[in-house]
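Q: Structure provided below as structure tokens; questions to follow.
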Amino acid sequence: MVENIFPVGEALGQSEAFLDFQDRLAKVAPVDRPVLLIGERGTGKELAASRLHYLSKRWDGPFVTLNCSTLSASLIEAELFGHEKGAFTGAEKQRAGRFEAADGGTLFLDEIGTIPVSVQEKILRVVEYGSFERVGGSDPVEVDVRIVGATNADLSDMADRNEFKRDLLDRLSFEVLFLPPLRCRKEDIMLLAEHFAARMAFELGYDSIPGFSKKAVADLERYPWKGNVRELKNVVERAVYQSDENPIDQITFNPFVSPYPFEALSAEPKPAPEKESDVSVKIAEPADLNLPFKESIQRHEIRLLQSALERAKFNQRNAAVLLGLTYDQFRGLLKKHKNRA
């Protein structure tokens, strides 16, 4: 994929970790050498690679990307280096690969650690000599390409296990930039959240941009954000879409929590309720003293949750009120016992 527009997107921040990373990126961008970007999922590695390209001397050349994890070992070589007509079944004509498409510009190899060692050897030749042969060909193809690789794997450890060529790692690691995870950028969370909220409000045609209550801000800043900026964007956009309030007060971090009682997940129908005339005396269920204390408490909590949900017609907020709990406490108990009923 070729990009010709520098996206600003999620490249927002004011934290020391974010600004330090951007300074290091800007410093190496004009130096025509390979760069490795190391970071967790959702930290914006492709965005950083794009900024590297547009701050470099190659800014007016192509910026070509390839997610290496999406291709099988048999396909990635042809995707990178192209192929000659008749090189394999289905190769009806000559086809240029990503290296040729990126000639004069930058080739971004995302998930570079998934590239097979046999293909890594061919990439090493391009880095060292600027030439390669297409699959099924013998004529050298010369290119002028800057490689930017990205991964969340420990490439040095992979090299020690012979899963990544040490020679190639040495050539690609002229500079290694570590993208800070969002949990190390606390000052940026609300800056990004407000940015994503504004964009979502515009997309939905809202007249105003919704804000966040003190509780919502505290929840957003306390959350661990294992999916980093990408997860924050999804959570905020969902909150803007779902909320009828301004400011937004409730944040749904996990949309996979069922709003229904545990027995409703079973295919077996519930027995019909007994008529008052059919029962003369209701005897409380005796405690099972053969069960461990913690198990008895858990069973009692489950019965309370089920009874409250039924009485509240499965409205979780009303069920929480019936039990004298906050909504978050009620959801926490649901999550705790979701596999025990």
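Nothing in this text is a laboratory measurement; each read-out follows from the coordinates by a stated rule. Everything numeric in this text was worked out from a predicted model, so none of it was measured. Neighbour counts are summed over all protein chains in view; Cβ atoms, including those assigned to glycine, are modelled from backbone coordinates with ideal geometry.
Q: Quote the relative contact order of segment 183-242 in percent (integer), defining contacts as alpha-carbon pairs under 8 Å separated by 6+ residues.
A: 48 percent
Q: For each pair in K122/K186; K57/K93; K214/K335; K214/K336; K27/K233; K186/K313, compute the distance between the two Cα atoms and list the pairs where it is over 32 Å.
A: Pairs exceeding 32 Å: K122/K186; K57/K93; K186/K313.
Q: Also, I was wondering about something else. I need the phi-derived Karplus couplings for segment 70-78: 6.51 cos²θ - 1.76 cosθ + 1.60, θ = phi - 60°, integer Hz, Gly and Pro marked x.
A: 8, 10, 6, 4, 6, 9, 5, 5, 5
Q: With an 8 Å Cα cut-off and a minimum separation of 6 or more residues, compute the relative contact order for the chain in percent.
A: 17 percent
Q: What net charge is computed for the residues neighbouring K186, neighbours being all others with C-beta under 12 Å from the C-beta of K186, Lys and Arg scored +1, Asp and Glu -1?
A: -1
Q: Right, another one. Calculate how steeply helix 117-129 sits against the longest principal axis of the alpha-carbon atoms of the chain, using the helix alpha-carbon long axis, and give the answer as 0 to 90 degrees to the nearest 10.
A: Tilt relative to the chain: about 40 degrees.
Q: If you don't mind, another one. What is the angle, in °, between the Cα long axis of helix 228-242 and the longest principal axis of the Cα atoms in the chain? Nearest 10 is fine, range 0 to 90.
A: Roughly 50 degrees between the two axes.
Q: Taking the Cβ of V141 as the center, what net charge do the other residues with Cβ under 14 Å away carry, scoring Lys and Arg +1 and Asp and Glu -1?
A: -3
Q: Follow-up question, since we're still on this one. With bins 10 Å wide starting at 0, give me the P(r) of the chain over every alpha carbon pair, in whole percents.
A: Going from the shortest bin to the longest, the percentages are 5, 19, 21, 17, 15, 12, 7, 3, 1, 0.
Q: Can you tell me how segment 183-242 classifies by the Cα gyration tensor, rounded, prolate or oblate, using a/c under 1.5 as the rounded cut?
A: Prolate shape, in that a/c is at least 1.5 and a/b is the bigger ratio.
Q: What share of the DSSP beta bridges in the chain is antiparallel, in percent to the nearest 5?
A: Once the DSSP bridges in the chain are tallied, antiparallel ones form about 25 percent.
Q: Moving on to the next point. Considering only DSSP states other than H, G, I, E and B, which trypsin sites (Lys or Arg not before Pro) in segment 91-189 qualify as loop sites with at most 12 other Cβ atoms within 10 Å?
A: Here the sparse-neighbourhood loop sites are K93, R161.
Q: Mind sorting W225, W59 by how few other Cβ atoms lie within 10 Å of their own Cβ, fewest first?
A: Ranking W225, W59 by Cβ neighbours within 10 Å, fewest first, gives W59, W225.
Q: If you line up the long axis of helix 16-28 against the longest principal axis of the chain, both from Cα atoms, how many degrees apart are they, to the nearest 10?
A: Orientation of helix 16-28: about 20 degrees from the principal axis.
Q: Contact order normalised by length for segment 2-180, with contacts defined as Cα pairs under 8 Å and 6 or more residues apart; what percent is it?
A: Answer for segment 2-180 is 31 percent.
Q: Among residues other than F202 whose Cβ falls under 15 Å from its Cβ, what is the net charge (Lys/Arg +1, Asp/Glu -1)?
A: -2
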